[in-house]
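So the structure is just underneath, and the comments pick up after that.
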Amino acid sequence: MGNHNRTRPEYENVPQPIRKDGAGFVDLGPRDIMRDMQNPDMLVPPPTDTGGIPNLKFSFSDTPMTLKHGGWSRQVTTRELPISTTLAGVNMALTPGGVRELHWHKESEWAYMIWGSARITAVDQDGRNFIADVGPGDLWFFPPGLLHSIQGLDEGCEFLLVFDNGSFSDLDTFSISDYFAHTPKDVLSANFGVPKSTFSHIPKNQVYIFQGKIPGPLASQQVPDPYGTVPKSYTHRLHAQEPSVYPGGTVRVVDSTNFPISTTTAAALVEVKPGAMREIHWHPTDEWQYYLTGTARMTVFAANSQARTFDYRAGDVGYVPHPYGHYIQNTGDTSLWFLAVFKSSRYADVSLNQSLALTPHELVQENLNVDSEFIAALRKEKVQVVKYPGFSYYPKTSKSDS
Ligand code: MN
Ligand code: MN
């Protein structure tokens, strides 16, 4: 079996849709070999994959880029990844001084600074303001409906925004320039108590992102604050937070318990070391993932014999409907870092290992037809990120898989 697959040595270093047992056949094209190399589990799914689970992956590299003087943005929403109904993500960069203009939206905004720094501003419904500078690994959270802005500082910046509605579009928010452009000038004049001529040169369309001047230090931008500042901080230093350390990596959980304003969004910043894996688990709410560094493999189990395996890399969005079981393996030789974001006030997960450990062991043994060695290995505590020394299942090329 499978000899017909070995007759073309010139294709030996090219991944082929051929399983170890010989199932499949060479793909002589047309094909995108680079993409096939990035998605070995799509090209050669594990034999345990069956059923019709829809797509759970979308790369920001496959989204339309909006380029402006002052920065850029791109987004992954239900338009790109139809299953991602609970959350939408925007990847944005701002130049030094570049401004995401004053705007608001009905969704809450949860954000993670990837690199660089920015100044953020917001004012709540009671006139209490919030102005702060954020750097790498910092979060911010804006409750729905509040006027806010983001401006790049010295080096510029890049960040991830997550909104608690999958069909959100950052291009369709309530922008201050758009609002002024579509309000009669006599109304603007009456509202602000200034002559109509004040508004002769306002932008005719939504500005979205513009190039501004790099602002001075925070102290130089003080505004009158008769109502004080917001009672709960809109920022949180996630990367500076002490992580939970496990044999195979680290986890930093952030939700309304340690970032009280973030009542609609919970998240985990997860590091999985080479040869390690985020243990098998599931959640009570959908998981929206953003891969920061490295490469990963995830199989999602959706009941009724449905399972599908995906490969992820930096810049990908992943999605896991609840309560689908999943694990995440680091498939590379550098640390894998990803964000798991949930539309929830509290982070929660169910560990398969822990759940079995705390179920009568005879029942588990009979149910799964496993020996006492399996029972002895079960852990009562969640380990979250587990290490498998010598982990080498994952093939680098199809050669080792054919
Ligand atoms: Mn916003
Ligand atoms: Mn998860």
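Summary of computed values
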item: Theoretical ellipticity at 222 nm over the chain - DSSP helices of four or more residues, -39500 (n - 2.57) apiece, nearest 500; result: -2500 deg cm²/dmol
item: Highest-fluctuation residue, 255, 178, 186 considered, GNM on the chain with Cα pairs under 10 Å; result: 186
item: Reachable lysines, given that their alpha-carbon falls under 19 Å from the alpha-carbon of residue 185 and they are not under 8 places away in the same chain; result: 196, 204
item: Eligible aspartates and glutamates near residue 232 by straight Cα distance, threshold 19 Å, same-chain separation 8 or greater; result: 107, 109, 124, 126, 133, 138, 255
item: Calculated over the chain: convex hull of Cα atoms, volume per residue (Å³); result: 176 Å³
item: Most fluctuating residue given options 120, 214, 375, as computed from a GNM of the chain linking Cα atoms under 10 Å; result: 375
item: Rounded Å value of the spacing that divides the Cα centres of segment 111-178 and segment 264-311; result: 26 Å
item: Gaussian network model of the chain, Cα within-10 Å springs - most flexible of 274, 46, 323; result: 46
item: Placed amide H near residue 16: partners under 5 Å, 5+ positions off or other chain; result: 398
item: Hz values of 3J(HN,Hα) by residue in segment 160-172 - Karplus curve (6.51, -1.76, 1.60), Gly and Pro given as x; result: 10, 10, 10, 10, 8, 7, x, 8, 3, 9, 5, 7, 10
item: Under 19 Å from the Cα of residue 382 - lysines, other chains or at least 8 residues apart; result: 273
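Taken together, the values in this text are just the output of simple stated rules run on the coordinates, not laboratory data. Computed from a predicted structure; not experimentally measured.
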